[in-house]
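Q: The structure's right below; bear with me while I get my questions together.
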Amino acid sequence: MSLNLSSQKIIKDWIDYNGHMNVAYYLLIFDRYGADKLNTIFKMGEESAKNTGMSTMIVENNIAYKRELKVDEEVDINLIYFNHDKKRLHYKFEMINKKDNSLSATFEALALYVNLKDRKVSEFEGEKISIMQNFIKENKHNFSDEDLKYSSKLKI
């Protein structure tokens, strides 16, 4: 089970001398088309950073590479787990090759909510907590807590 956040086509510039997508671009795709999308849903993305000075910063992540990707293949970025505490986000994405519905990679991250002016970790405002709680309530049936690396880091 999962929740689709976006789709992306693998471009030639991301292909390395081995003929497949370079590892650096897996992170780019997960960050830009997964984490950024999730942050926007929770009103913690680019607009929040610009307008309120509050944003998230990833402090730990784990990528598992399962199957190589080649130029012009398309992938779905799906959210397969999400939770939070007062200051942290914990999420996991999967990258699915649309050609054969195979798992290409997973990305798990722990992010902190940060006041960009002070550069200090902050607690989520009530509005953000409500948005995240409603999101979990509506989508929990899509999530799996199988094989998580960072679940013990949340202080729930």
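Q: Go through SER130, SER152, SER122 for me and flag whichever is at negative phi, exposed (fewer than 14 other Cβ atoms within 10 Å of the Cβ) and either at pLDDT 95 or above or within 15 Å of the chain's Cα centre (by Cα) (or both).
A: The match here is SER130.
Q: Quick check on my filter: what residues within the stretch 67-86 are in contact with a Ser or Thr (Cβ under 7 Å, 6 or more places away or on another chain) and surrounded by 14 or more Cβ atoms within 10 Å (Cβ to Cβ)?
A: Passing the criteria: LEU69, VAL75, ASP76, ILE77, ASN78, LEU79, ILE80, TYR81.
Q: Can you find a residue in the stretch 105-127 that is in contact (Cβ under 8 Å) with a residue 24 or more places away in the chain, under 30 Å from TYR65 (Cβ atoms), of a type in the set (A, V, I, L, M, F, W, C) and touching a Leu at 6+ places or on another chain (Cβ under 6 Å)?
A: yes
Q: Within the stretch 41-64, work out how many residues are under 30 Å from ASP16 (Cβ atoms), out of contact with any helix residue (DSSP H, G or I) (no Cβ under 7 Å at 6 or more places or on another chain) and not aliphatic (A, V, I, L, M).
A: So the answer is 4.
Q: Could you pull out the residue among TYR25, TYR65, TYR81 that is among the aromatic types (Phe, Trp, Tyr) and without any contact (Cβ under 8 Å) to a residue 24 or more places away in the chain?
A: Details: TYR65 fails: without any contact (Cβ under 8 Å) to a residue 24 or more places away in the chain; TYR81 fails: without any contact (Cβ under 8 Å) to a residue 24 or more places away in the chain.
Answer to the check: TYR25.
Q: Would you please list the contacts, defined by Cβ atoms under 6 Å and residues six or more apart or on different chains, that run from a residue in the stretch 130-150 that is closer than 19 Å to ALA109 by Cα to a residue that is assigned to a loop (DSSP other than H, G, I, E, B)?
A: MET132/PHE42; ASN142/MET1; ASN142/SER2
Q: Looking only at the stretch 119-156, which residues are among the basic types (Lys, Arg), closer than 19 Å to PHE93 by Cα and not in a helix (DSSP H, G or I)?
A: Within the stretch 119-156, just LYS149 meets the criteria.
Q: Would you confirm, using the coordinates I've provided, whether GLU73 is farther than 20 Å from LYS128 by Cα and among the acidic types (Asp, Glu)?
A: Considered against the rule, which asks whether it is farther than 20 Å from LYS128 by Cα and among the acidic types (Asp, Glu), GLU73 comes out as yes.
Q: Over 24 Å from MET1 (Cβ atoms) and either over 17 Å from the mean Cα position of the chain (by Cα) or acidic (Asp, Glu) (or both): does that describe ASN51?
A: The answer is yes for ASN51.
The values are calculated or read from the model by the stated rules, or taken from the named source; none is laboratory data. This is a predicted model, so every value here is computed, not measured. All Cβ positions, even for glycine, are placed from backbone atoms using ideal geometry, and neighbour counts span all protein chains on display.
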